[in-house]
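Novice: This is the structure I have questions about; it appears just below.
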Amino acid sequence: MSALDDLLTCLRFPSVSTDSRHNADTRACADWLVAKLTSMGLTTSLHETPGHPVIVAKNKHIAGRRTVLLYGHYDVQPAEPFAEWKSPPFEPTIRDGVIFCRGATDNKGQLIAHVSGLAETLAKHGDLPVNLTILFEGEEEIGSPNLKPFLEAHRQQLACDVVAISDTGMVGPGIGTFTYGLRGIACMELKVHGPSIDLHSGIFGGAVANPATIAARLAASLHDDQGRVLIPGFYDDVKPLASWERSAWAELGDGDAETLSLTGVPALFGEPEFTERERRWARPTAEVNGIGGGYQGEGSKTVIPREAFVKLSFRLVPDQNPEQILDLATAYLLSKAPASVRLEIKRGHTGQAYLMDPQGPLGKAAQRALTKTFGGKIALIREGGSIPIVQAFKDVLKADTLLLGLALPDCQAHAPNENFPIANLEAGIRLNQALLAELGA
Ligand code: BES
Ligand code: ZN
């Protein structure tokens, strides 16, 4: 089986972790990975959790060698809206050397690149240059609710010197990119409860508050006109950007034009005192991920809905504490809600931001591996996305994480027509081998 065949097979499992209708598919994907890793000669086990299973695989660990924990996730985001896919979301389709499928980049393409790199090395040399522990999970896209307890329960088995992950981006095709920081996340959902039943808006309108209006007002109360978050205390623990990183990021060129073209928006937005990259990579945000309530069908219906909802998430930066941010947001939203409605607030999953020193010995080893793989100058960046388990690796296993991404800016992760070039699969195989060689030296 070639690396490409393996990736296509892995992609055909619709392992959507958030959707219980796909539980059997998610399980089948885990079972396939276990069989694959076992066939490579790794000692592999599948561990049940209250949710989707965790996979652990190891070569024979030898005293005196560095131990590397390789993490990845086999779950994917939902593929909706289906109609916007040019080819079916779970039938991987290759167009011009690029694989289109849900999970192609996030994270199956990057995960299989590593698996294939290991398979080649094991087939050629019978062993790896390091003690390797693979940790693959099926719940990253829902906030890894069962993985931190798993780390705590298996500290000994998972003990390592460093963690390596490919689940982040590259600044452009062929540009080796080392990510030394990620934003954290804190999610919450508000429900605005009004009358006990939907009301005729002609009979009651004017005397009864409309929950949809209040939901919109609450959502709008989160920001000023320039995108600054208005929750008191929100910025108190934000660590300022270092001047070296501001200049390193400025050297990457003008980010505005690329983001304008990738997103199709008519103009960018956000805190004027920060550049576009600084706003995405190192500034905290509040986002409305969903808002709804009331009549959604064709035509009009004159109704005051009995309830409305807002789904929110905050992207966080060092040293913000996600639970404390949810406390501050709760207090703020309660203070803004009028007495004419009842607010219900549900706290969601959280994950801390991550920041490491890219110039330590392990960071330097990773940068050499990137140079060997891609040549040229390496980009040192932070990113706006979150991998909540990364800070837990630091807290529980006391290990730093090397984030060596293979995702391109136009990979459409989480969106229709997600894609991953075969060239990046091949580069990922070389990167895996270069990285283990550097870490084993
Ligand atoms: N691969 C992403 C994280 C990522 C994306 C890092 C872009 C850097 C750049 C990961 O699979 C992901 O999507 N994470 C979620 C986590 C959340 C559901 C807790 C995210 O960032 O929304
Ligand atoms: Zn993702």
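Novice: What's the longest uninterrupted piece of the chain once you rule out the trypsin sites (Lys or Arg not before Pro) that are loop residues per DSSP with at most 14 other Cβ within 10 Å?
Specialist: 87-300
Novice: A further question on this structure: Might you work out the accessible area of Ser243 for me, using a 1.4 Å probe with all protein chains in place, and round it to the nearest 10 Å²?
Specialist: In the full protein context, Ser243 sits at about 90 Å².
Novice: A further question on this structure: What figure in square angstrom, to the nearest 10, would you give for the accessible area of Ser196 with a 1.4 Å probe?
Specialist: 100
Novice: Just by accessible area at a 1.4 angstrom probe, what is the order of Trp281, Trp32 from largest to smallest?
Specialist: Final ranking, largest accessible area leading: Trp32, Trp281.
Novice: Which residues make up the longest stretch of the chain that has no GluC sites (Glu not before Pro) in a DSSP loop with at most 10 other Cβ atoms within 10 Å?
Specialist: It runs 49-250.
Novice: Here's another thing I want to ask about it. Leaving out ligands and nucleic acids, note down the accessible area per residue over the chain with a 1.4 angstrom probe, in whole Å².
Specialist: Normalised by residue count, the accessible surface of the chain is 43 Å².
Novice: OK, next. Expressed as a rounded percentage, what relative contact order does the chain have, with Cα pairs under 8 Å and six or more residues apart?
Specialist: With pairs under 8 Å counted, the relative contact order is 27 percent.
Novice: What distance in nm separates the two pseudo spin-label positions at Asp256 and Ala339, each 7 Å out from Cα along the beta-carbon direction?
Specialist: Here the modelled spin labels are 4.8 nm apart.
Novice: With a/c under 1.5 counting as rounded, go ahead and sort segment 1-150 into rounded, prolate or oblate using the C-alpha gyration tensor (a ≥ b ≥ c being the square roots of the eigenvalues; past the cut-off, prolate if a/b is larger than b/c, else oblate).
Specialist: Oblate shape, in that a/c is at least 1.5 and b/c is the bigger or equal ratio.
Novice: Rounded, prolate or oblate: which fits segment 36-79 when a ≥ b ≥ c are the square roots of the eigenvalues of the alpha-carbon gyration tensor, with rounded for a/c under 1.5 and prolate only if a/b beats b/c?
Specialist: Since a/c reaches 1.5 and a/b is larger than b/c, the shape of segment 36-79 is classed as prolate.
Novice: Right, something else. With every protein chain left in place and a probe of 1.4 Å, what is the accessible surface of His114, to the nearest 10 Å²?
Specialist: 10
Novice: Could I ask something else about it? Highest GNM mean-square fluctuation, the chain, Cα pairs closer than 10 Å: which of Gln412, Gln359, Gln367?
Specialist: Gln359
Novice: Moving on to the next point. If a/c stays under 1.5 just call it rounded; otherwise compare a/b with b/c (prolate if a/b is bigger, oblate if not). Do that for the chain, with a ≥ b ≥ c from the square roots of the Cα gyration tensor eigenvalues.
Specialist: prolate
Novice: Report the residue, chosen from Asp25, Asp198, Asp319, that carries the largest GNM mean-square fluctuation when the chain is represented by alpha-carbon nodes joined by springs under 10 Å.
Specialist: Between Asp25, Asp198, Asp319, it is Asp198 that shows the largest mean-square fluctuation.
Novice: Report the label-to-label distance for Ala35 and Lys301 in nanometres (one decimal), using points 7 Å from each Cα along the Cα→Cβ vector.
Specialist: 4.7
Novice: At 1.4 Å probe size, with the rest of the protein present, what percent of the exposed accessible area of the chain is carbon and sulfur atoms?
Specialist: The value for the chain is 53 percent carbon and sulfur by accessible area.
Novice: Note down the relative contact order for segment 210-326 as a percent, whole number, built from C-alpha pairs under 8 angstrom at least six residues apart.
Specialist: About 37 percent, as a whole number.
Novice: Expressed as a rounded percentage, what relative contact order does segment 36-155 have, with Cα pairs under 8 Å and six or more residues apart?
Specialist: 38
Novice: Let me ask you something else. Please compute the length gained on full extension between Ile94 and His193, using 0.36 nm multiplied by the number of residues separating them and subtracting their Cα-Cα distance.
Specialist: Contour length minus Cα-Cα distance gives 30.8 nm.
Novice: Then there's this: What does the charge count around Pro421 come to, taking other residues whose C-beta lies under 13 Å from its C-beta (Lys +1, Arg +1, Asp -1, Glu -1)?
Specialist: Charge balance in the 13 Å sphere: -3.
Novice: Antiparallel versus total DSSP beta bridges in the chain: what percent is that, nearest 5?
Specialist: For the chain, the DSSP antiparallel bridge percentage is about 70.
Novice: List the lysines whose alpha-carbon lies under 23 Å from that of Lys301, not counting same-chain residues fewer than 8 positions away?
Specialist: Partners found: Lys191.
Novice: Could you size up the charge dipole of segment 194-285 around its Cα centre, putting +1 on the beta carbon of Lys and Arg and -1 on that of Asp and Glu, and report it in debye to the nearest 20?
Specialist: 300
Novice: Using just the helices of the chain, give the 222 nm mean residue ellipticity in deg cm²/dmol: DSSP H runs with n ≥ 4 each add -39,500 (n - 2.57), and the total is spread over all residues, rounded to 500.
Specialist: When only DSSP H runs of four or more count, the value is -9500 deg cm²/dmol.
Novice: Now for a separate question. Taking 0.36 nm per residue of sequence separation and subtracting the Cα-Cα distance, how much length would be gained by fully extending the chain between Gln157 and Glu287, in nm to one decimal?
Specialist: Taking 0.36 nm per residue and subtracting the Cα distance, the gain is 43.0 nm.
The values are calculated or read from the model by the stated rules, or taken from the named source; none is laboratory data. These numbers were taken from a predicted model, which means no experiment stands behind them. Glycine also receives a Cβ, built like all others from the backbone with ideal geometry; neighbour counts cover every protein chain displayed. Surface accessibility is based on the protein's heavy atoms, side chains included, excluding ligands, DNA and RNA. Shrake-Rupley method; radii C 1.70, N 1.55, O 1.52, S 1.80 Å.
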